[in-house]
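Below is one structure; the comments refer to it alone.
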């Protein structure tokens, strides 16, 4: 073993202890039976996985996919132009603008989400303003809706879309843009034919970095969806904390993990050949 | 007279309050191979970028075929560029790279197909259509960059140090190929380089630049044989330079001796720079030499020997290029013809 490898030992130990071993425990749980007190009976079964395919749970999966897809699209639509504008401005302004995007991340995630409750609730800031301006006559039900959940996801995960796209955009060789212009492309076709395709690796990692936390979140849906909106994350949390059905919870976790790994593999395969660098 | 295709009139460029170009006037004729030559930071690339439209002149005007194009964006100019680091699109294959300009112009598919094939055969890369850019060597990427520019049939092709990254042998081959291509296609080439040999090999005319100014414009022979000032002489090839006094027409004095020369029109007793090329000096027995000195170094350079002779009178080193070997340490004479003496006004620049 050479010196460099020795330096990796702490990390490898950490990964084995806290990632790989727990993963196998979850895998193990997902294939075992539950006794009436929530304990584990060592006997191999597919029942936990079968249970997931009951309509009530498929519904949760469908809602999770839908909401995370909407918020990912929203993040992309808002985030791409943002990243583009930042990458086009001069260097001094760039770091300031990036800073503004990262700044909210320094506040606690829970606090930020609670803050949205204050903004969206019936006597909240947004309703008060709309009432004051006379745009609405009575308070709107905004909190505890799917919209509120998407709002929370977009708000919390937007930086993860902007940063990788910005990082790729700012690394595009300026001479490529000049070459496109030289060959007769105006700004619009330069964007369509050169900038956008070259930024695709960044878009791919942005999509992953928003979609993954969005599909697995339970805090945002809990606080802003108020129990109305049960997502995969909530389902897992409930199985572990309330229903004490660790076996089923583990099975859902495994299903989710497989979905994420597949989508990750698909996206990286299609972005890596473009030669750009994302955050993955 | 052949008409001008590109004209720069009093073009200046200021970057961050620094003058990169100082009132450049340049006239490029149709089908001409013009090289902008100079050390880095002399303004040659800026001049090229102004012609291409990637920079806007701070003042002055650019004409293309007699039309003022100063404010026309690059994508509307009938000019194409071969970029320094090729700037090939990494997300497109070779075919798509070459077809890029034609697709933008909405040329129909069959024509694109035909033209791309023709270009690939012009640059000797038939059958490379589907290949990835990154699978090519530097020389091949260079050819693709040239093909991508030429397929648009520009009237003027700009080349920004296109051979800079290639090794010597390949560079020399490409020099010939570029020159042949230029003559066959009848396109105006504006070529930027800091390599004087490259400039001498390929150009119809060379524009020597330094410090944001044009020092001299002329054919390779003119520039080499009749450099207008110390800078041009020094930049183009190796030289022996002495300060001298012009006694009268056809008489110049240096090394405390008066020599016959072929220059006239100077004030009497004007201080001048005198240049003698190393290959114009012959080594002769010391009694027959116009100057005598000691041989201090003899270096074999392949085609010739480079011999350093220190002259006895004022310790000046003379560089001589000759195919005849001489022993180091002996005393010799240096002989040169009166035509070999180039007399230059001090600090003279074209147009001043």
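The values are calculated or read from the model by the stated rules, or taken from the named source; none is laboratory data. Worth saying up front: this structure is predicted, and the values here are computed from it rather than measured. Ideal geometry is used to build each Cβ from the backbone, glycine not excepted, and the neighbour counts take in all protein chains shown.
Filter the stretch B:230-251 down to the residues that are in a strand (DSSP E or B) and more than 30 Å from the chain's Cα centre (by Cα), then identify the one that is surrounded by the fewest Cβ atoms within 10 Å (Cβ to Cβ). Checked the stretch B:230-251; the qualifying residue surrounded by the fewest Cβ atoms within 10 Å (Cβ to Cβ) is B:248. Filtering the stretch B:307-319 to residues that are buried (at least 16 other Cβ atoms within 10 Å of the Cβ), in a strand (DSSP E or B) and more than 24 Å from the chain's Cα centre (by Cα) leaves B:307, B:308, B:309, B:311, B:318.
Looking across the stretch A:235-248, the residues that are part of a helix (DSSP H, G or I) and in contact (Cβ under 8 Å) with a residue 24 or more places away in the chain come down to A:235, A:246, A:247, A:248. Any residue that is surrounded by 14 or more Cβ atoms within 10 Å (Cβ to Cβ), touching a helix residue (DSSP H, G or I) at 6+ places or on another chain (Cβ under 8 Å) and away from chain B (no Cβ under 14 Å) - is there at least one of those in the stretch A:173-187? Within the stretch A:173-187, none of the residues are surrounded by 14 or more Cβ atoms within 10 Å (Cβ to Cβ), touching a helix residue (DSSP H, G or I) at 6+ places or on another chain (Cβ under 8 Å) and away from chain B (no Cβ under 14 Å).
Residues of the stretch B:71-83 that are more than 7 Å from chain A (Cβ to nearest Cβ) and buried (at least 18 other Cβ atoms within 10 Å of the Cβ): B:77, B:79, B:82.
Quick one: is residue B:38 more than 29 Å from residue B:124 (Cα to Cα) and crowded, with 24+ Cβ neighbours inside 10 Å? Here the answer is yes, as residue B:38 does meet what is asked. Looking only at the stretch A:17-76, residues that are farther than 30 Å from residue A:145 by Cβ and in a helix (DSSP H, G or I) come to 18 in all.
There is no residue in the stretch B:29-39 that is under 17 Å from residue B:206 (Cα atoms), within 14 Å of another protein chain (Cβ to nearest Cβ) and touching a strand residue (DSSP E or B) at 6+ places or on another chain (Cβ under 7 Å).
Among the residues of the stretch B:42-69, those identified as in a loop (DSSP other than H, G, I, E, B), surrounded by 17 or more Cβ atoms within 10 Å (Cβ to Cβ) and more than 13 Å from chain A (Cβ to nearest Cβ) are B:42, B:43, B:57, B:69. Among residues of the stretch B:139-172 being assigned to a helix (DSSP H, G or I) and farther than 27 Å from residue B:53 by Cβ, the one that is nearest to the other protein chains (Cβ to nearest Cβ) is B:140.
Being touching a helix residue (DSSP H, G or I) at 6+ places or on another chain (Cβ under 8 Å), closer than 30 Å to residue B:210 by Cβ and either modelled with pLDDT of 90 or more or not in a strand (DSSP E or B) (or both) narrows it down to one residue among B:262, B:332; which is it? Checking each option against the conditions leaves just B:262. Taking the criterion of being touching a residue at least 12 places away in the same chain (Cβ under 8 Å) and within 7 Å of chain A (Cβ to nearest Cβ), the residues of the stretch B:84-103 that qualify are B:85, B:87, B:89, B:90, B:100, B:101. Here residue A:124 fits the description: surrounded by 15 or more Cβ atoms within 10 Å (Cβ to Cβ) and either at pLDDT below 90 or on the phi > 0 side of the Ramachandran plot (or both).
Out of the residues in the stretch B:291-305 that are more than 29 Å from the chain's Cα centre (by Cα) and buried (at least 18 other Cβ atoms within 10 Å of the Cβ), which is farthest from residue B:257 (Cα to Cα)?
That would be B:295.
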